[in-house]
Each structure stands twice: as C-alpha cells, then as structure tokens.
Amino acid sequence: MIRLAIFASGTGSNAQKIIQYFEESDDVEISLIVSNKANAGVLNFAEHYDIPSMIIDRQFFYHTKQIVFELNHQSIDYIILAGFLWLIPSYLVKAFANKIINIHPALLPKYGGKGMYGLHVHDAVKKAGENKSGITIHYVNESYDDGAIIFQTSCEIYPEDLPTDIQKKVQILEHKYYPEIIEKIVLGEVKKRST
Ligand code: GRF
C-alpha cells in the first residue's frame, strides 16, 4: 500500500474527493489527515471515513521537526496538500523531496504566491480580464506555488462570469482531476517535467 497524508486547512472538498476516490483502492490509502485548524471541515471527513487525524500548531510545525518523525512512524509515502494554507518548512520539503504535491486553482505561474488563495485568486484572474483559468498540480518546494508543474488543465471564462463563477468552474476541474493525477504520480505513471 502507498500511504498518503492529506494536509488541509479548510472545507476539505478536495480531501473528500480524494478519500472517496481511493476508498476501494488496492494500491493507495489515505492514512492520515493533518490540519492546522481544530474546526476545519476536513476533520469531519476524517472522522466519517475513520482516518486518523492530527492537529498541528505553528510552534510544532515551524520550530520542531517532529512531524517528520510522526509521518515516518506512520509510514507515509506522500503528502497531499488540499487547501493547506501554511508554507511547508524547508526541513519537511527536504525530508519528502518530490513527495509533496499541491493543487493551485489557477494556471501557474500566474496568480500564485503568498496571499493567492481562495477567491483572491479568482478575483485577480477576473480583474486581469483572462479568458481562461484552470488548475495546476505541482510538486512543492520552499516557496508558495513554485515547484515543478506536473499537470494543468483549463476552463473558459466568459465576460459575464463573476469570480465565484470562475471558482465553481475551477472546482469542477479540481475534483475531477486531482485524485486521478495523484494516483498516476504515486504509481509512477507521471514524470516530473521542468517548469
Ligand atoms: C482549492 O481551491 C485548492 O485548489 C486550493 O485550496 C482550495 C481547497 O478547497 N489549494 P477545499 O477545502 O478542498 O474545498
């Protein structure tokens, strides 16, 4: 079994899709949910699907390296970020080199970086008058939204679309593609391409 830990701060709709996708898998298991918020929606899914969960605080995450011990102890192979808003510290990037995957709700390298999350992203895309947006699945390095891109796909934006409309279109792509691309990556079917 390839064991995945999902890190999420929010609602966890992507986490839910990933959990459901791998529920019957013979190869891949969601073994741990990590959140930095005690009231994150994702923790309800963890409970519902009987997946162990862990709540972390800044002190633990940034000033100790204990999470590496914890992840190794639980034989975690990959870390999947699904709406996890904290920057991944360098020690963790190194400990899980090319084993941390993120999804960003825009076509990187545009509309990424610090503060570019949730509706902020779609507001910026709308303001720039883009006629398409989409998703980017990428490896995680020490900077926000900056690691090598693994997969992108796009959707059209019409002039009348509000940022919330763009968000809905992008979310459909996230839910459809993130689980299957994760599967391909962890099964070694996707090769890293340079950005
Ligand atoms: C998604 O838009 C994802 O691309 C981004 O954070 C959001 C998480 O949403 N990284 P949810 O909590 O999975 O609904």
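The values are calculated or read from the model by the stated rules, or taken from the named source; none is laboratory data. Nothing here was measured: the structure is a model prediction, and the numbers come from that model. Because the Cβ atoms are built from the backbone with ideal geometry, glycine has one as well, and the counts that use them run over all protein chains shown. SASA here: full protein model, heavy atoms, side chains in, ligands and nucleic acids out. Shrake-Rupley method; radii C 1.70, N 1.55, O 1.52, S 1.80 Å.
Rounded to two decimals, the Cα radius of gyration of the range 104-195 over 2.2 N^0.38 Å is 1.08. In the context of the full set of protein chains, the range 122-161 has a per residue accessible area of 48 Å² (1.4 Å probe).
In percent, rounded to a whole number, the relative contact order of the range 1-97 is 38, using alpha-carbon pairs under 8 Å and six or more apart. The H on the amide N of PHE151, modeled in the peptide plane, is under 5 Å from the matching H of ILE137, each at least 5 residues off or on a different chain.
Of the beta bridges in the range 22-158, as assigned by DSSP with both residues counted there, near 65 percent are antiparallel. Computed from point charges on the beta carbon alone (+1 for Lys and Arg, -1 for Asp and Glu), the dipole magnitude for the chain about its Cα centre is near 700 Debye. Counting only DSSP H runs of at least 4 residues, each contributing -39500 (n - 2.57), and dividing by the residue count of the chain, the helix-based mean residue ellipticity at 222 nm comes to -10500 deg cm²/dmol. Take the Cα of THR64, step 7 Å toward its Cβ, do the same at LYS114, and the gap between the two points is 2.6 nm. Size of the range 1-97: Rg and Dmax of its alpha carbons, in Å, are 12.6, 37.
Taking 21 Å as the limit for the C-alpha separation, the pairs LYS94/LYS176; LYS110/LYS184; LYS17/LYS65; LYS126/LYS169 exceed it in the case of LYS94/LYS176; LYS110/LYS184; LYS17/LYS65. To put it simply, the accessible area of the range 116-188 at a 1.4 Å probe is 51 percent carbon and sulfur.
Shown in residue order for the range 181-189 are the 3J(HN,Hα) couplings computed by the Karplus curve 6.51 cos²θ - 1.76 cosθ + 1.60 at θ = phi - 60°: 6, 4, 4, 4, 5, 6, 8, x, 9 Hz (x for Gly and Pro).
Remark on the chain: ratio of C-alpha radius of gyration to 2.2 N^0.38 Å is 0.99. How many nm is it between the label spots at LYS184 and TRP86, if each spot is 7 Å from the Cα in line with the beta carbon? For the pair LYS184/TRP86, the computed spacing is 3.2 nm.
Each Lys and Arg contributes +1 and each Asp and Glu -1, all at the Cβ; summed about the Cα centre of the range 1-111, the dipole is approximately 680 debye. Please list the non-local residues whose amide H lies under 5 Å from the amide H of GLY41, H modeled 1.01 Å from N, same-chain partners needing a gap of 5 or more. For GLY41, the qualifying residues are THR11.
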